[in-house]
Amino acid sequence: MKIAVTGKGGVGKTTFSSMLSRMFADDGYRVVAVDADPDANLGLALGFPKELYESITPISEMRKLISDRTSAETGTFNKMFKLNPKVDDIPDLYCKEHNGVRLLTLGTVDSGGSGCVCPEHVLLKRLCSHLILQNKDVVVMDMEAGIEHLGRGTAQGVDAFIVVVEPGERSLQTYRKVKNLSRDIGVKQIFVVGNKIRNREDEEFILSNLEDGEALGFIYYNQDVINSDRSSQSPYDTSQETKEQIESIKNKLMGLNVSCN
């Protein structure tokens, strides 16, 4: 199963991604959690010790790796370089593992604009394509509020594209934008998880803005989850109630004509 998780900043997509990754790992699956958000903190949400987390270098900052694989210097434009670099060994070489989850931090390309064609950008795109189309593990991608790392073919290989929303118009506006962008590159169906829910009215507000079949479920506001960040704990280890809500979402996801190999 390949899952891409996105949403407006602050809605809780990293919390959801980390707990879903931990849950699949506890179920016995090999899991790769991919931090594809420029504000990378998925490792902390997964419960990585600080020293291990701080030892991680994002792939986009590995200048020698990028140069070796693309035959070009990083930061170069309008130069000849490989458009199909070798990436199949990168997960095994550069993933860090904790709590049964292997973490791969992509980083971001900070130059040339969102449409740049540069060695860093090409390597990240190719790596995402490999993870989704060829890798046999469960892959959970914690993305920014968009689809920057996904191309047309890659997006079509995603089993579930999940937008995390909270009960507010700005969050739902991000969902609509992501939905339109995703359809442009071939994603057939978007799923939605409602987070920070306080009552039935919050659920109904979100449902009234979705199409039938898009809602996977709801996660209620939980102070223990909020406090886990302050104490540098994984939310997976702090709230049984939230775990049960995400377990229900995962079970629904597994029953939607999607199967794990």
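The values are calculated or read from the model by the stated rules, or taken from the named source; none is laboratory data. Keep in mind that what you see is a predicted model, and the values were worked out from it rather than measured. FYI the Cβ positions are ideal-geometry reconstructions off the backbone, even for glycines, and counts take in every protein chain you see. For the accessible areas, the whole protein counts, side chains as well, though only heavy atoms, and no ligand, DNA or RNA atoms are used. Shrake-Rupley method; radii C 1.70, N 1.55, O 1.52, S 1.80 Å.
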Practice task
Identify the residue in the stretch 187-208 that is modelled with pLDDT under 95 and open to solvent by 20 Å² or more (accessible area, probe 1.4 Å) and, among all such residues, is nearest to residue 20 (Cα to Cα).
Solution key: 189
Exercise for the section: Could you tell me whether any residue of the stretch 48-61 is farther than 30 Å from residue 241 by Cα, basic (Lys, Arg) and open to solvent by 10 Å² or more (accessible area, probe 1.4 Å)? Expected result: no
Practice task
Scan (1) free of Cβ contacts under 8 Å to residues at least 40 places away in the same chain; (2) farther than 19 Å from residue 17 by Cα for the single condition residue 238 breaks and write down its number.
Solution key: (2)
Exercise for the section: Examine the stretch 155-173 for a residue that is of a type outside the set (Ser, Thr, Tyr), at pLDDT below 80 and open to solvent by 20 Å² or more (accessible area, probe 1.4 Å), and state whether such a residue exists. Expected result: yes
Fill in the blank from the handout: Going through (1) on the phi > 0 side of the Ramachandran plot; (2) modelled with pLDDT under 90; (3) in contact with a His (Cβ under 9 Å, 6 or more places away or on another chain) one by one, residue 47 fails only at (2)
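Please determine whether any residue of the stretch 66-82 is among the hydroxyl-bearing types (Ser, Thr, Tyr) and under 18 Å from the mean Cα position of the chain (by Cα). Talk me through it step by step, then tell me what you get.
Taking the stretch 66-82 and keeping what is among the hydroxyl-bearing types (Ser, Thr, Tyr), we get 67, 70-71, 74, 76.
After this cut, where a residue has to be under 18 Å from the mean Cα position of the chain (by Cα) as well, the list is none.
There is no residue in the stretch 66-82 that is among the hydroxyl-bearing types (Ser, Thr, Tyr) and under 18 Å from the mean Cα position of the chain (by Cα).
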Exercise for the section: Mind listing just one residue for me: the one in the stretch 216-261 that is of a type in the set (A, V, I, L, M, F, W, C) and closer than 14 Å to residue 195 by Cα and, of those, modelled with the lowest pLDDT? Expected result: 226
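Mind telling me which of the residues 40, 33, 4 ends up being within 11 Å of the chain's Cα centre (by Cα) and open to solvent by 10 Å² or more (accessible area, probe 1.4 Å)? If you could, list the steps in order and put the result at the bottom.
Working: 33 fails: open to solvent by 10 Å² or more (accessible area, probe 1.4 Å); 4 fails: open to solvent by 10 Å² or more (accessible area, probe 1.4 Å).
Going through 40, 33, 4 in turn, just one is within 11 Å of the chain's Cα centre (by Cα) and open to solvent by 10 Å² or more (accessible area, probe 1.4 Å): 40.
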